[in-house]
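Every number here is computed from the coordinates shown, using simple stated rules; none is lab data. Note that the structure is a prediction, hence the values are computed from the model and not measured. Counting neighbours? That spans all protein chains shown, and the Cβs are built from the backbone with ideal geometry, glycine included.
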Amino acid sequence: MDVEGLKAIGAALAIGLGAIGPGIGIGIIGGKAMEAMGRNPEAAGNIRTNMILAIVFAESVAIYALVIALLLKFV
Amino acid sequence: MLKKLFTVRNLVILLLVVALFVVSGLLGLKVPPPEVSLAAEPVLHIGGFAVTNALLTAWIVMIILVVAALITTRHYPKDLDNAKNSDLVPSGFSNFVEWMVEGFYGFSESVAGKWVTKFFPIIMTIFLFIVVSNWIGLIPGVGTIGLLEHPASGAEGFAAKGAILTAQPAASGAEGFILVPFLRAPSTDLNFTVALALVAVFMAQYFGVAAQKLGYFKKFLDLSGFKQGAFMGVIQLFVGVLELISELARIISYSFRLFGNIFAGEVLLAVLAFLIPYVVSLPFLGLELFVGFIQAFVFMMLALVFFTLSTIRHGEEEHH
C-alpha cells in the first residue's frame with residue numbers, strides 16, 4: 001500500500017474515531033437538557049443557551065480530530 | 001392534501017427541474033468533481049500583494065454590511081431632541097434590524113451584566129460579519145464561476161470546452177485546466193477564522209486587564225499557593241501554566257470550529273450536487289443556512305462568555 005492510501009485511511013480513522021466521543025457527549029447533553037426543559041419549561045431559554053455552550057465544548061474535541069484529519073490529508 | 005401539491009407553481013418548478021436534467025443530458029455537459037482546495041486561491045494582484053478569492057469576498061461582505069447599516073439608519077432624525085415620535089418609529093428593514101439587535105442585546109445583558117455596553121459592539125460585529133460570510137457561500141455562482149487556470153505541477157487538469165470545464169482528463173501533451181472561482185465564502189479560509197479568533201482572544205485579555213488591572217495576570221502566575229507550603233505553591237504555578245495553554249488553545253478551537261463546520265458544509269454540498277444534481281442539494285442548503293447561523297451565534301456567545309469570565313476575579317467562586 002502506498003503512502004497516499006495510508007494517509008487517507010489515517011485521516012478517515014482520525015475523524016471517524018474522534019467523532020465518537022463528542023457524538024455520545026452531545027447526545028447526553030441534549031437529552032439532559034430536554035429532560036430539564038420538560039421539568040421546568042419556564043427556564044427553557046436559559047437551559048438552551050447553556051446547552052449550546054456545552055455542546056460547543058464537546059464539539060471542540062471533534063474539531064481537534066478534524067484538524068488532524070485535514071493535516072494528514074492536505075499537508 | 002394532495003390537491004395542494006398540484007398547484008401551477010409546483011408544476012412549473014417540476015418542469016424546470018426535468019428540463020434541467022434533459023438539457024444537461026443533451027448538451028453532454030459533465031463537469032469534473034470540484035477540486036477541494038484547502039487554501040484560498042489568489043485571483044488578482046495589487047502591486048506585489050495577492051488578493052485571494054476569500055479576501056475579495058470578505059470585502060464584499062463588508063460592503064454589504066456597511067450598506068445595510070446605512071439603509072437601516074438612513075431615516076433616523078439628526079436632531080433627536082426635537083424629533084417627533086412618529087419620526088422615531090422604525091419600519092421595514094430597520095424595524096427588523098432593531099428587533100434583532102435588541103434581542104441580542106437583551107441576551108448579552110443576561111450574560112455579561114454591566115459590561116454589556118463594552119462587549120456588545122464587538123460581539124455583534126463578529127456575529128454579523130460571520131453570519132453574512134457563512135451565508136454568502138450558499139449563493140449560486142459563489143465558488144462555481146471563475147477563471148480556468150493550469151493546475152500546479154503534480155495535480156491533473158481537465159479538458160475545457162469553450163468556457164466550460166468538462167470531465168474528460170486533458171489530452172496527453174496538452175495541459176489541462178482547473179477552475180479557480182472568483183468568490184469563495186470567507187469562512188472557508190483559515191486566515192479569516194484565525195484572524196477573528198485572535199481578535200476574540202486578545203479582547204478577552206484586554207477586558208480582563210480593564211476589569212482587574214494587573215491582578216488579571218495572577219491567573220497565569222499565582223504565587224499565593226506558597227503560603228500553604230511548597231507543594232501547593234508548585235501546584236498553583238502548574239495551574240497557571242494550564243490557564244495559559246487553555247488561553248492559547250482557544251485560538252485553535254475558535255478558528256477550526258468555524259472553519260471546519262463551514263468548509264465541511266461546502267464540500268458536502270458540492271459532493272451531493274454530483275451524486276444527484278439539482279434535487280438532493282436542496283434540503284442540505286437549508287441545513288447549511290442553519291449551520292451558518294448557529295456557528296456565528298456560537299462564536300459570538302463563546303466570545304461573550306470568555307470576555308465575561310476574564311472580568312471576574314480568579315478564584316472568586318471559591319471564597320464568597
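Per q in 0.09, 0.15 1/Å, what log10 I(q)/I(0) does a Debye calculation on the alpha-carbon atoms of chain B return?
Rounded to two decimals, the profile gives -0.69, -1.26.
Cα to Cα, under 21 Å, and not fewer than 8 places away if on the same chain: which lysines meet these conditions relative to B:LYS4?
The reachable lysines, counting only those whose Cα sits under 21 Å from B:LYS4, number zero.
For the stretch A:3-74, calculate the relative contact order in percent as a whole number, restricting contacts to Cα pairs under 8 Å that are 6 or more residues apart. Numbers along the way, then the final one.
Values: 50 pairs, mean separation 40.6, N = 72.
56 percent.
Here are some pairs, A:LYS32/B:LYS213; B:LYS78/B:LYS118; B:LYS78/B:LYS213; B:LYS78/B:LYS114; which of them have Cα atoms lying more than 31 Å apart in this structure? All intermediate terms of the calculation are to be shown ahead of the outcome.
Numbers: A:LYS32/B:LYS213 39 Å; B:LYS78/B:LYS118 24 Å; B:LYS78/B:LYS213 38 Å; B:LYS78/B:LYS114 28 Å.
Over 31 Å Cα-Cα: A:LYS32/B:LYS213; B:LYS78/B:LYS213.
Would you please name the GluC sites (Glu not before Pro) within the stretch B:56-130 that are DSSP coil residues with at most 13 other C-beta atoms within 10 Å of their C-beta? Before the final figure, lay out each step's value.
On the way: sites: B:GLU98, B:GLU102, B:GLU109; in loops: none.
Hits after loop and neighbour filter: nothing returned.
About the Cα centre, and with charges only on the beta carbon of Lys, Arg (+1) and Asp, Glu (-1), how big is the dipole of chain B? Nearest 20 debye, please. Display every interim value, and only then the final one.
On the way: 18 positive and 20 negative charges, 95 e Å.
About 460 debye.
Give the span of the stretch A:3-74's Cα atoms along each principal axis, as three whole-Å numbers ordered largest to smallest.
56, 15, 9
Given an 8 Å cut-off on Cα distances and at least 6 residues of separation, report the relative contact order of the stretch B:221-260 as a percent.
On the way: 20 pairs, mean separation 11.6, N = 40.
Answer for the stretch B:221-260 is 29 percent.
If you place +1 on the Cβ of every Lys and Arg, -1 on the Cβ of every Asp and Glu, and leave all else neutral, what size is the dipole of the stretch B:184-305 about its Cα centre, to the nearest 20 Debye? Don't jump to the answer; show the numbers that get you there.
Values: 7 positive and 6 negative charges, 83 e Å.
So the dipole magnitude of the stretch B:184-305 works out to roughly 400 debye.
Relative to the Cα centre, what is the charge dipole magnitude of the stretch B:48-130, using +1 at the beta carbon of each Lys and Arg, -1 at the beta carbon of each Asp and Glu, and rounding to the nearest 20 debye?
Computed charge dipole of the stretch B:48-130: roughly 160 debye.
With a cut-off of at most 15 other beta carbons within 10 Å, and DSSP calling the residue loop, which GluC sites (Glu not before Pro) in the stretch B:212-282 qualify? Please list them. Before the final figure, lay out each step's value.
Details: sites: B:GLU243, B:GLU247, B:GLU266; in loops: none.
Loop-located and lightly packed - none at all.
In what order do B:TYR278, B:TYR216 fall by count of nearby beta-carbon atoms within 10 Å, going from fewest to most? Write down the numbers at each step before the final one.
Values: B:TYR278 13, B:TYR216 19.
Arranged by neighbour count, lowest to highest, B:TYR278, B:TYR216 become B:TYR278, B:TYR216.
Could you work out the longest stretch of chain B that avoids the trypsin sites (Lys or Arg not before Pro) located in DSSP loops with at most 15 other Cβ atoms within 10 Å? Could the numbers behind the result be given before it?
Working: sites that count: B:LYS30, B:ARG74, B:LYS78, B:LYS84, B:ARG313.
Between exposed loop sites, the widest span is B:85-312.
Please report the Cα spread of the stretch B:177-320 along all three principal axes, rounded to whole Å, starting with the longest.
The Cα atoms of the stretch B:177-320 stretch 69, 31, 24 Å along the principal axes, largest first.
Could you please tell me the mean projected area of the C-alpha convex hull for the protein assembly as shown, averaged over all directions and given in square nanometres to one decimal?
Details: hull surface 125.6 nm².
Averaged projected hull area, Cα only: 31.4 nm².
Test of understanding: ordering B:TYR254, A:TYR64 by Cβ neighbours within 10 Å, fewest first, what list do you get? Mind showing how you got there, number by number?
Numbers: B:TYR254 25, A:TYR64 17.
Listing B:TYR254, A:TYR64 from fewest to most nearby Cβ atoms yields A:TYR64, B:TYR254.
For the stretch B:236-320, what D do you get in µm² per second when you plug the Kirkwood radius from alpha-carbon pairs into Stokes-Einstein at 10 °C and 1.306 mPa s?
Numbers: Rh = 15.8 Å.
The diffusion coefficient I find is 101 µm²/s.
Please report B:MET203, B:MET300, B:MET62 as a ranked list, fewest other C-beta atoms within 10 angstrom at the top and most at the bottom.
On the way: B:MET203 20, B:MET300 23, B:MET62 14.
Least to most surrounded, the residues fall as B:MET62, B:MET203, B:MET300.
Just want to confirm a number: the relative contact order over chain B, from Cα pairs under 8 angstrom separated by 6+ residues, in percent. Could you put the intermediate results ahead of the total?
Values: 343 pairs, mean separation 68.1, N = 320.
In percent, rounded to a whole number, it is 21.
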